[in-house]
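K.L.:
Right, I'll just put the structure down here and ask away after.
Since every read-out is calculated from the coordinates, none of them should be taken as a lab result. Because the structure is a prediction, the values reported are computed rather than measured. Neighbour counts are summed over all protein chains in view; Cβ atoms, including those assigned to glycine, are modelled from backbone coordinates with ideal geometry.
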Amino acid sequence: MGYLAGFPVTLKKWFEGVNTKNYLGGKGGKSDIKAPKPERLHGRHVLNKYEDGMEKCIGCELCAGVCPANCIYVRGEDNPVSDPKSPGERFGFVYEINYLRCIHCDLCVEACPTEAITETKLFEFSFTDRKSAIYTKDELLVDDEGKPQELPWEDWREGEDKDTSGWMRATAPNGDKNYQGLAAWSGELGHGVRKPEVGQSGSSTPSSHGSTMGSPSDQDQDGSNNG
Amino acid sequence: MGEPYLSDGVDFGDVLLAGGKALVAFVVLLISVMLMVWFERKVVSRLQNRIGPNIAGPFGLFQTLADGIKLFFKEDSNPAKSDPFVFKLAPYLSLIPAFLTFAIVPIAGDFNDGNRGKVTMFGRETFLQVADVPIGVLLFLAMSSIGVYGIMLAGWSSGSKYPLMGSVRATAQAISYEAALGLSLASVILLSGSLSTNEIVNVQADVGYAGFIPNWHILTSAIVPFVVFLIAGTAELNRPPFDLVEAEQELVGGFHTEYSSISFALFFLAEFMNTVTMGAIIVTLFFGGPAGPDFGLLPGWLWGFVWFFLKLIVFLFIFVWFRATLPRLRYDQLMDLGWKVLIPLSLAWLLVLGGLRLSSPDNGNISLRFIDNDSANSFVFVGFVFIVLLAGSILLSLAITTARDERLEASGLVSVPVEEEED
């Protein structure tokens with residue numbers, strides 16, 4: 001009886017348990033569980049700093065140019081000679097992202113020549129008016145320890161501020177297998193030089209001249225960056 | 001027959017008692033609807049490896065309440081081309097029958113030791129149901145028919161295409177399946193010899209075969225009327241897999257497409273109320289309702305409620321299970337199942353049960369006599385019946401296939417075998 005064959009199938013599902021997590025929408029507490037996030041998840045942006053505390057953004061506006069949603073507004077300005085903000089000639093004087101428009105495609109991250117803008121794994125933040133949907137440099141810039149600022153209306157969880165440059169590294173030129181094990185990016189405040197991506201040539205072991213910043217376990221949450 | 005407290009005339013206390021029972025049933029039904037929506041969403045989630053509502057209240061229990069509040073505060077829109085009066089009337093027309101049907105369901109009471117489910121309340125003997133109507137089961141059929149009017153008029157008065165199609169489907173579906181519903185119900189009436197739901201439960205509370213097998217109608221009517229009733233009842237409720245009336249994918253919600261706010265909430269309420277009531281009716285008709293053994297500890301009438309509730313939960317689960325498992329029927333499949341399977345089957349079974357009753361020696365007065373030996377008479381009858389049923393089903397399937405062939409031929413849809421070219 002084809003009609004009845006489905007009934008044991010659905011009943012069996014009851015005993016298989018659930019695949020979804022008991023997510024309570026950020027209510028907190030022990031029973032509020034979120035699904036683990038992939039390493040390269042596209043969340044809210046951060047503006048990174050170099051290890052010496054200088055801002056990475058040089059105000060080149062490439063991110064604003066590439067943005068398909070026109071959500072980024074950047075103005076560059078010459079660095080003040082007495083108190084330079086960035087190591088180069090110019091710095092990002094104004095940097096604004098409108099999160100009502102942002103589609104989190106991460107093209108800005110790919111376009112950035114200095115790895116200044118990357119994304120965290122945070123996606124739970126809300127606003128009550130249009131104006132507060134626009135994040136300015138004050139909110140986007142990392143703090144003195146290189147951590148993203150945890151703003152009061154954002155629901156940060158464990159691990160969401162880690163690996164903020166995951167997507168940048170994945171799309172960097174050394175995605176080519178000839179560059180396997182080479183870290184072709186600058187260091188970040190609080191993180192140092194991030195370890196290179198592994199597995200481009202098919203073998204999962206990085207070559208000997210690779211950077212040794214951090215152990216694989218604290219960068220690789222669920223092993224998803226292996227080839 | 002009928003409510004015992006009304007046998008000696010009606011005084012003010014009787015009116016109060018009746019009103020009080022109606023009020024309690026109203027509140028119980030509303031709460032049960034709230035829990036039913038939650039139960040359905042939770043169970044269907046588990047059957048799909050999900051958690052389901054979990055935010056509003058413990059285990060998401062208050063999800064329905066939150067939904068209700070949301071609906072209540074939404075704008076109640078009235079489409080420009082609608083018929084305003086009928087448009088407003090339709091939700092109530094489907095809600096009120098849903099309430100009224102529940103009145104005939106005995107939800108508790110002690111049916112052991114010839115107690116007939118009576119309890120004494122305020123010095124009056126009464127049954128634990130809103131009213132023991134002497135025509136109880138007919139009331140159920142009548143109300144489920146009127147409930148269809150609510151859906152039909154809702155679709156018709158919306159002044160919109162999809163709701164109209166939904167309401168046309170509702171009408172056709174109700175006509176097809178109410179016949180099967182009524183015929184399978186007739187088998188139960190035949191066995192219990194009464195239309196009163198209290199009496200139907202009473203018959204099932206008797207000591208059954210071999211002393212321990214319950215005298216439930218599902219067993220005494222040999223399962224078939226129950227299966228027909230369950231399928232036809234699901235169709236009557238417009239629940240999956242028979243929810244062609246709503247059919248989100250084709251009709252954007254069918255008859256309630258144009259409804260919003262409290263009017264939509266009333267349809268929603270009526271739908272789930274009907275589900276609870278249909279489960280309760282099935283329990284009453286086929287599973288002995290509140291009748292069950294009394295293990296002490298609790299008062300007898302409360303044991304009745306416990307048994308009723310347990311049986312009801314099983315059927316509510318089955319309805320949800322249907323929804324989680326079966327895809328929606330196509331329109332022609334719906335009609336085929338109703339007219340070509342359920343109606344002939346329930347009709348034949350009714351005749352078998354009727355004939356068995358006439359030829360049975362338990363009846364005292366055997367009208368159908370084939371041979372002199374009383375107990376062998378039934379067996380001869382059963383053999384005779386199976387020959388007739390076999391002939392009947394062969395004729396029916398012959399008629400169906402012949403009709404289909406002629407129809408296909410007339411419409412030119414018969415695929416003429418074409419010689420395949422070899423390449």
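K.L.:
Given the options B:Ala270, B:Leu89, B:Gly300, identify the residue whose Cα lies farthest towards the positive end of the charge dipole of chain B (+1 on Cβ of Lys, Arg; -1 on Cβ of Asp, Glu).
P.N.:
Ranked along the dipole, the leading option is B:Gly300.
K.L.:
As a test of the formula, what do you get for the protein assembly as shown when each DSSP H run with n ≥ 4 contributes -39,500 (n - 2.57) and the sum is divided by the residue count, at 222 nm and rounded to the nearest 500 deg cm²/dmol?
P.N.:
-14500 deg cm²/dmol
K.L.:
Report the charge-dipole magnitude of the range B:120-262 in Debye, nearest 20, computed about the Cα centre from +1 at each Lys and Arg Cβ and -1 at each Asp and Glu Cβ. List each step's numbers first, then the result.
P.N.:
Working: 4 positive and 11 negative charges, 19 e Å.
For this selection, approximately 100 debye.
K.L.:
Quote to one decimal, in nm, the extra length available between A:Glu145 and A:Arg157 on full extension: 0.36 nm per residue of separation minus the C-alpha distance between them. Please list the in-between numbers first.
P.N.:
Numbers: separation 12, 0.36 × 12 = 4.32 nm, distance 1.78 nm.
Difference between extended and current length: 2.5 nm.
K.L.:
Let me ask another. Within a Cβ distance under 12 Å of A:Pro113, other residues only, what is the Lys/Arg minus Asp/Glu net charge? Could you put the intermediate results ahead of the total?
P.N.:
Working: positive: A:Lys56; negative: A:Glu61, A:Glu110, A:Glu115.
It works out to a net charge of -2.
K.L.:
Quick check for me: using +1 on Lys/Arg Cβ and -1 on Asp/Glu Cβ, what's the dipole size of the protein assembly as shown about its Cα centre, in debye to the nearest 20? Numbers along the way, then the final one.
P.N.:
Numbers: 50 positive and 73 negative charges, 242 e Å.
With Lys and Arg at +1 and Asp and Glu at -1, about 1160 debye.
K.L.:
Modelling each spin label as a point 7 Å along the Cα-to-Cβ direction, I'd like the B:Val227/B:Ile135 distance in nm, to one decimal.
P.N.:
Placing both labels 7 Å along Cα→Cβ, they lie 3.3 nm apart.
K.L.:
Something else: From the Cα gyration tensor of the range B:1-138, with a ≥ b ≥ c the square roots of its eigenvalues, which class applies: rounded if a/c is under 1.5, or else prolate if a/b is larger than b/c, or else oblate?
P.N.:
On the way: a/c = 2.63, a/b = 1.53, b/c = 1.72.
Cα axes put the range B:1-138 in the oblate bin.
K.L.:
Please give me the summed charge of the neighbours of B:Asn78: other residues whose Cβ is under 12 Å from its Cβ, Lys and Arg +1, Asp and Glu -1.
P.N.:
Working: positive: B:Lys81, B:Lys88; negative: B:Glu75, B:Asp76, B:Asp83, B:Glu258.
Charge balance near B:Asn78 sits at -2.
K.L.:
Here's something else I'd like to know. Which one of B:Leu347, B:Leu16, A:Ile97 has its Cα pushed farthest toward the positive end of the charge dipole of the protein assembly as shown, where Lys and Arg give +1 and Asp and Glu give -1 at the Cβ?
P.N.:
Result: B:Leu16.
K.L.:
Using a basic spin-label model with each label point 7 Å from the Cα along Cα→Cβ, how many nm lie between B:Phe72 and B:Ala399?
P.N.:
Each label point is offset 7 Å from its Cα along the Cβ direction, giving 5.4 nm.
K.L.:
Would you work out the charge dipole size for the range B:217-271 about its Cα centre, treating the Cβ of every Lys and Arg as +1 and the Cβ of every Asp and Glu as -1, and quote it to the nearest 20 debye?
P.N.:
Values: 1 positive and 7 negative charges, 55 e Å.
Dipole magnitude for the range B:217-271 comes out near 260 debye.
K.L.:
Could you work out how far the C-alpha centroid of the range B:46-114 sits from that of the range B:160-204, in angstrom?
P.N.:
Between the Cα centre of the range B:46-114 and that of the range B:160-204, the gap is 21 Å.
K.L.:
Can you classify the protein assembly as shown as rounded, prolate or oblate using the Cα gyration tensor, where a ≥ b ≥ c are the square roots of its eigenvalues, rounded means a/c under 1.5, and otherwise it's prolate if a/b beats b/c and oblate if not?
P.N.:
Details: a/c = 2.62, a/b = 2.16, b/c = 1.21.
Judged from the Cα gyration tensor, the protein assembly as shown comes out prolate (a/c at least 1.5, a/b above b/c).
K.L.:
Taking loop as defined by DSSP and a crowding limit of 10 other beta carbons within 10 Å, which chymotrypsin sites (Phe, Trp or Tyr not before Pro) in the range B:128-229 fit?
P.N.:
Numbers: sites: B:Phe140, B:Tyr149, B:Trp156, B:Tyr177, B:Tyr209, B:Phe212, B:Trp216, B:Phe226, B:Phe229; in loops: B:Phe212, B:Trp216.
Counting only loop positions with at most 10 other Cβ atoms within 10 Å, the chymotrypsin sites (Phe, Trp or Tyr not before Pro) in the range B:128-229 are B:Phe212.
K.L.:
Pop a pseudo-label 7 angstrom from the Cα along the beta-carbon direction at both B:Ser145 and A:Lys131 and give the gap in nm to one decimal.
P.N.:
Inter-label distance under the simple model: 6.6 nm.
K.L.:
What is the extension gain from A:Met54 to A:Arg90, computed as 0.36 nm multiplied by their sequence separation minus the C-alpha to C-alpha distance, in nm to one decimal? Don't skip to the answer; put the middle values down first.
P.N.:
Numbers: separation 36, 0.36 × 36 = 12.96 nm, distance 1.20 nm.
In short, 11.8 nm is gained.
K.L.:
Once a ≥ b ≥ c are taken as the square roots of the eigenvalues of the Cα gyration tensor of chain B, is the result rounded (a/c under 1.5), prolate (a/b larger than b/c) or oblate (a/b not larger than b/c)? Intermediate values should be presented prior to the final figure.
P.N.:
On the way: a/c = 1.86, a/b = 1.04, b/c = 1.80.
Cα axes put chain B in the oblate bin.
K.L.:
Residue farthest toward the positive end of the dipole of the protein assembly as shown, with Cβ of Lys/Arg at +1 and Asp/Glu at -1: which of B:Phe319, A:Cys60, B:Gly136?
P.N.:
Farthest along the dipole direction, towards plus: B:Gly136.
K.L.:
Which percent, to the nearest 5, of DSSP beta bridges fully inside the protein assembly as shown are antiparallel? If you can, show how the numbers build up before the last one.
P.N.:
Details: 19 of 20 bridges.
Expressed as a percentage, antiparallel bridges in the protein assembly as shown total about 95.
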